[in-house]
Amino acid sequence: MPYRLIKTEHAARRGEFETVHGTVQTPAFMNVATAAAIKGGLSAFDLKDIGCQVMLCNTYHLHLRPGDKLVAELGGLHKFTRWDGPILTDSGGFQVFSLAKLRNITEEGVTFHSHLDGHKIFMGPEESMQIQANLGSTIAMAFDECVENPAQYDYAKASCERTVRWLARCQKEMARLKAEGLATNPHQLLFGINQGCTFDDLRVEHMKTIADMDLDGYAIGGLAVGEPAEEMYRIITAVEPFAPKDKIRYLMGVGTPGNIIEAVWRGVDLFDCVMPSRNARHGHLNTWGGIINIKNLKYEKDERPIDPECDCPVCRNFSRAYLRHLFKADEMLGMRLAVMHNLYFYNHLMERIRAELDAGTFESFHDRYVKLLDTRI
């Protein structure tokens with residue numbers, strides 16, 4: 001088993017996840033490199049410097065450009081990007097949700113119209129596995145449908161059932177690709193995705209069904225797509241008892257520091273979100289006292305670092321005043337430094353969470369920081 005549970009506090013779990021590309025200490029945050037790069041000008045070597053453990057890349061976008069077959073020809077994502085740690089690739093299933101106006105869903109799969117030039121693309125479970133096999137990621141996500149919340153119960157139920165059938169096809173296709181020597185990474189792992197919108201009974205039944213399929217890990221998808229945070233927490237709590245205890249759990253696309261702390265408390269091990277880098281590019285920076293907008297006038301002469309409690313390369317070397325100037329002058333360096341700080345903050349937050357779990361003090365950490373870190377100063 002790649003996942004090893006070390007200890008628990010309440011439902012929170014401290015563990016390790018072993019892969020062919022290294023061992024991930026969990027809970028962990030995966031840094032989103034959609035097109036094989038962090039938006040904001042960070043390289044794989046920058047990610048190492050700020051404590052990142054896992055990089056996430058987007059199957060759909062890399063299929064469009066530069067093309068997954070080209071990436072395979074060049075040795076796979078690890079060689080292409082020079083990132084030597086674990087890489088997770090999503091399945092393309094989220095584009096079923098995000099490109100709703102450009103797609104058509106059938107039992108076979110989904111027909112898209114490219115957001116780049118409008119040309120028609122078909123992707124089903126087999127195509128998703130083939131693309132991810134070419135990319136050579138450490139972890140491949142099963143192809144699924146992410147349904148918008150709120151949804152009609154009957155549609156959500158039918159979608160769950162189809163997602164199970166798609167998952168079985170993903171398993172079969174991944175096994176074929178490995179057996180025939182067509183996988184860039186022959187040790188690629190497969191995660192299934194729990195769906196069911198905000199309907200507790202659908203979520204529980206779906207998790208029970210996919211738990212029996214003996215996958216390498218289990219994700220909770222289809223949340224943080226419009227529903228209130230309280231609904232998300234309720235679903236996690238409902239599903240958690242039925243997720244295999246000896247497999248890693250991944251909450252897709254989440255979220256704020258407070259969201260992460262709450263989800264860890266409810267038994268989640270792995271997270272990803274574009275929020276820290278996206279917010280940073282607009283000047284919204286995470287600190288241990290809350291969120292600041294570095295563009296505000298009050299930082300014009302502020303010689304302090306972004307966060308006096310932070311030890312990232314940015315806070316060690318630059319002032320708030322300088323960073324504000326860079327943003328006001330539209331200098332690319334401002335965006336790069338801001339993204340570097342926020343991603344360091346998220347990865348250091350996970351380090352703190354792991355340390356608190358090791359010490360058995362995560363509950364008090366939760367109570368102190370869960371609201372504070374999401375507060376705008």
Per residue convex hull volume, Cα only, the stretch 71-206, in Å³ is 122
Per q in 0.11 Å⁻¹, report the Debye log10 I(q)/I(0) for the stretch 281-374, using one uniform scatterer on each alpha carbon and no solvent. -0.34
Compactness of the stretch 214-344 as Cα Rg over 2.2 N^0.38 Å, two decimals: 1.27
Anchor K178: lysines whose Cα lies under 25 Å away (excluding residues fewer than 8 positions away in-chain): K69, K79, K247
Which FRET efficiency value, to the nearest 0.05, is calculated for R82 and A168 with the Förster distance at 35 angstrom and r the Cβ-Cβ distance? 0.50
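Report the convex hull volume per residue for the stretch 60-126, counting only C-alpha atoms, in Å³. It would help to have the intermediate numbers written out before the result.
Working: hull volume 6.7 nm³, N = 67.
So the per-residue hull volume is 99 Å³.
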How many nm is it between the label spots at K301 and E18, if each spot is 7 Å from the Cα in line with the beta carbon? 5.9
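Tell me, rounded to the nearest percent, the portion of alpha carbon pairs in the stretch 140-205 spaced more than 18 Å apart.
Working: 928 of 2145 pairs.
So the portion of pairs separated by more than 18 Å is 43 percent.
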Does a label point 7 Å from the Cα of T106, set along Cα-to-beta-carbon, have any residues of the stretch 156-191 with amide nitrogen under 12 Å, and which are they? none
Value of Rg/Rh across the stretch 3-273 [Cα atoms, Kirkwood radius]: 0.93
What is the extension gain from D200 to Q152, computed as 0.36 nm multiplied by their sequence separation minus the C-alpha to C-alpha distance, in nm to one decimal? 15.9 nm
Could you check the spin-label model distance between L70 and R278? Points 7 Å from the Cα along Cα→Cβ, value in nm. 2.6
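Computed from the coordinates by the stated procedures, all read-outs in this text should not be read as laboratory data. Bear in mind that the values here come from a model prediction, so they are computed numbers and not experimental data. Heads up, the Cβs are rebuilt from the backbone with ideal geometry, glycines too, and the neighbour counts pull from every protein chain shown.
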